[in-house]
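Trainee: Quick one: the structure is below, and I'll ask about it shortly.
Computed from the coordinates by the stated procedures, all read-outs in this text should not be read as laboratory data. What you see is a predicted model, and the numbers here were worked out from it, not measured in a lab. Cβ placement follows ideal geometry from the backbone for every residue including glycine, while neighbour counts extend to all protein chains displayed.
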Amino acid sequence: MKRETFDIEIITPCFCAGANQAKAEIRPASIRGQLRWWFRLVSRDPREESEIFGTVAGDDDCSSSSLCVRVADFKSGPAWVVPAIKQNTPENYVWHFASVSGTTVRGAKGPRWVSQGALAPGSTFRLELIWRRGLPPEMKSKFDLALNSFLALGTLGLRSTRGLGALHCKEVNHSESLDSALTKLGFVIRIRDKAEGFLSYESALRDYASWLRYDFRKQFKANRPSPLGSSTPRQTSAVRFRPLKRSDGKLSWLAYEAPHSKVLGPQSRTSEPLLRNKDFTGAAPAAPPSRPRY
């Protein structure tokens, strides 16, 4: 069996857990699910997807997976400090849904909103991919693109479309060639790379949350179908934000938008990608002035 290994660092708090939501952990099943999502967009051939990830009982051609995903050598970073949430800040748009996940009690915090509920930035682990069967060269090339996309742009866990659970891989970095390959598949990618960079994930998160809250969400409300996702009907976002770790140790961030026809229901699609004409330059959008009370 062939084995591939990758060294991974978590750069934003990762709310990935099993049955006990108050105890975060890196779950191979979660990584496998993300690899499958990326491969589905790269291959677009259900037969190839089945060959790699297997099929379940009841399918016409039930088969085992060619791929085994394992996690090893996890080392925790400094304990995550649960942030104070201030309602009128841009980052509240990212943190709020993580803080109330798992509870329906108004005003209460969910089980994840504790220090051990998220894997801390600076935590590391080794990802192992073990191949039980070899793949034809063309199929392996597609998988490698999906894998590199996940390692360079992927995230894990709750609020992963909003930059939580972002990963940095020593062996695979974000690159123009990767962007070019994904663009040919219908992705739109826009990077926010200020020369001075961001010194912490908190400052990068605050910056992209400002664009999300005071620009995008002004146009597309969460209670209506759109490429940003909606609550009714339940639809995940095709637009994903995530910080990137630069070679100098500082951070930048980017947003990418998956092809609407592949990830969105008809109600949520727009005629043009939201990022098509977006340019993340200059100062981040600010909150509108508060209305005077009389």
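Trainee: Could you grab me the full set of residues in the stretch 143-166 that are buried (at least 20 other Cβ atoms within 10 Å of the Cβ) and more than 22 Å from Tyr201 (Cβ to Cβ)?
Mentor: Scanning the stretch 143-166 gives Phe143, Ala146, Leu147, Asn148.
Trainee: Right, here's the next one. Could you identify the single residue in Leu275, Leu199, Leu228, Leu205 that is more than 25 Å from Ser43 (Cβ to Cβ) and over 15 Å from the mean Cα position of the chain (by Cα)?
Mentor: Leu199
Trainee: Restricting to the stretch 255-275, what's the tally of residues that are outside any helix (DSSP H, G or I) and either in contact with an Asp or Glu (Cβ under 8 Å, 6 or more places away or on another chain) or over 20 Å from Leu153 (Cα atoms) (or both)?
Mentor: 8
Trainee: If you go through the stretch 148-192, how many residues are part of a helix (DSSP H, G or I) and in contact with an Asp or Glu (Cβ under 8 Å, 6 or more places away or on another chain)?
Mentor: Total meeting the criteria: 1.
Trainee: Something else now. I want to confirm something. Restricting to the stretch 96-129 and keeping residues that are in contact with a Lys or Arg (Cβ under 8 Å, 6 or more places away or on another chain) and of a type in the set (Phe, Trp, Tyr), which single residue is nearest to Pro285 (Cα to Cα)?
Mentor: Phe97
Trainee: What number of residues within the stretch 214-254 satisfy the criterion of being surrounded by 14 or more Cβ atoms within 10 Å (Cβ to Cβ) and in contact with a helix residue (DSSP H, G or I) (Cβ under 7 Å, 6 or more places away or on another chain)?
Mentor: 12
Trainee: I'm trying to understand the selection: among the residues of the stretch 50-107, which are touching a helix residue (DSSP H, G or I) at 6+ places or on another chain (Cβ under 9 Å), farther than 18 Å from Ile130 by Cβ and among the acidic types (Asp, Glu)?
Mentor: Within the stretch 50-107, Asp59, Asp61, Glu91 qualify.
Trainee: I'd like to check something: does the stretch 96-106 contain any residue that is in a helix (DSSP H, G or I), in contact (Cβ under 8 Å) with a residue 24 or more places away in the chain and farther than 30 Å from Met1 by Cβ?
Mentor: For the stretch 96-106, residues in a helix (DSSP H, G or I), in contact (Cβ under 8 Å) with a residue 24 or more places away in the chain and farther than 30 Å from Met1 by Cβ: present.
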